[in-house]
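Report on the following structure.
The values are calculated or read from the model by the stated rules, or taken from the named source; none is laboratory data. Quantities reported herein were computed from a predicted structural model and do not represent experimental measurements. Cβ placement follows ideal geometry from the backbone for every residue including glycine, while neighbour counts extend to all protein chains displayed.
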Amino acid sequence: MRSNVLCLVGLVAAGVLGLGAGCGPAYPNCGEDSECHQGEYCVNGRCQLCRGDADCAAGQSCASGRCEAITGYCGTNAQCADGEECRENRCARIASTQQDLPTPPPPDETPGASPCDISAVYFDFESNDLTGTTRDQLQTVARCMGERNYAHLHLTGNCDPRGTEEYNLALGDRRARAVRDFLRSLGIEPSKLSVSSNGEEYSRGEDETSWARDRNVALEAR
């Protein structure tokens, strides 16, 4: 606003001197928000409709200065197909029990295996929350690390193939970090834990049953 006032003063002075003068950059170029149309913002010298996602409506993101719809976004169950519900703004299949799909047991368990075997832990669709079953399993892992004096445990997050590569890499990382943080809370030294994410790289599933096995954090004692 101050720049506009100074500009007007300059125009008056220019008029007295009989000179032509202009005020501010030509639209859509700008120096501040007031030089843009109502509802626009001055970003890097150009007027545009948004600075960031916060300037857009629900279900939209700011891309190249414009609010664009987020692919696959949902706000209500009505926006999902039959047999699906909206969870965390994504459509997810409803389990037959009307509850979240249960975390499956570790696959291919070997009969007679030692109770100190360190196995992968599993997650629900698009979730990095630890279930009660998973927490019990990780308590066993923490006990085993103490009993067998493991020097290091590496945690690798994995996802089923649904979703973008970037989304699944981030989700795999969140899953691995959730396991790491819980093990820390059980007294495992932070220096003994490391994390990484494969995302969907090693997924093999083709349906809900096999996808459930893709959604895991693999534990490797070193």
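When segment 91-109 is limited to residues that are at pLDDT 50 or above and closer than 28 Å to Asp136 by Cβ, the one that is surrounded by the most Cβ atoms within 10 Å (Cβ to Cβ) turns out to be Ala92. Of the set (1) farther than 20 Å from Tyr122 by Cβ; (2) over 12 Å from the mean Cα position of the chain (by Cα), all apply to Glu165 but (2). Here Asp181 clears all of (1) among the charged types (D, E, K, R); (2) within 26 Å of Glu208 (Cβ to Cβ); (3) without any contact (Cβ under 8 Å) to a residue 60 or more places away in the chain except the condition numbered (2).
One line per residue, one yes/no per condition, for (1) touching a Lys or Arg at 6+ places or on another chain (Cβ under 9 Å); (2) of a type in the set (Ser, Thr, Tyr); (3) without any contact (Cβ under 8 Å) to a residue 12 or more places away in the chain:
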site	(1), (2), (3)
Cys144	no, no, no
Asn149	no, no, yes
Leu153	yes, no, no
Asp160	yes, no, no
Glu189	no, no, yes
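With a requirement of 2 or more residues that are touching a Gly at 6+ places or on another chain (Cβ under 6 Å), crowded, with 19+ Cβ neighbours inside 10 Å and not small (Gly, Ala, Ser), the helices (runs of 4 or more DSSP H) lying completely within segment 125-222 that satisfy it span 165-185, 208-214. Quick check on segment 46-80: of everything there that is outside any loop (DSSP other than H, G, I, E, B) and of a type in the set (Lys, Arg), which residue is surrounded by the most Cβ atoms within 10 Å (Cβ to Cβ)? Out of the qualifying residues, it is Arg46.
Here is a yes/no grid of residues against (1) within 26 Å of the chain's Cα centre (by Cα); (2) more than 14 Å from Leu219 (Cβ to Cβ); (3) hydroxyl-bearing (Ser, Thr, Tyr):
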residue	(1), (2), (3)
Gln137	yes, no, no
Val141	no, no, no
His152	no, no, no
Pro161	yes, yes, no
Leu171	yes, yes, no
Arg177	yes, no, no
Leu183	yes, no, no
Gly187	no, yes, no
Ser196	yes, no, yes
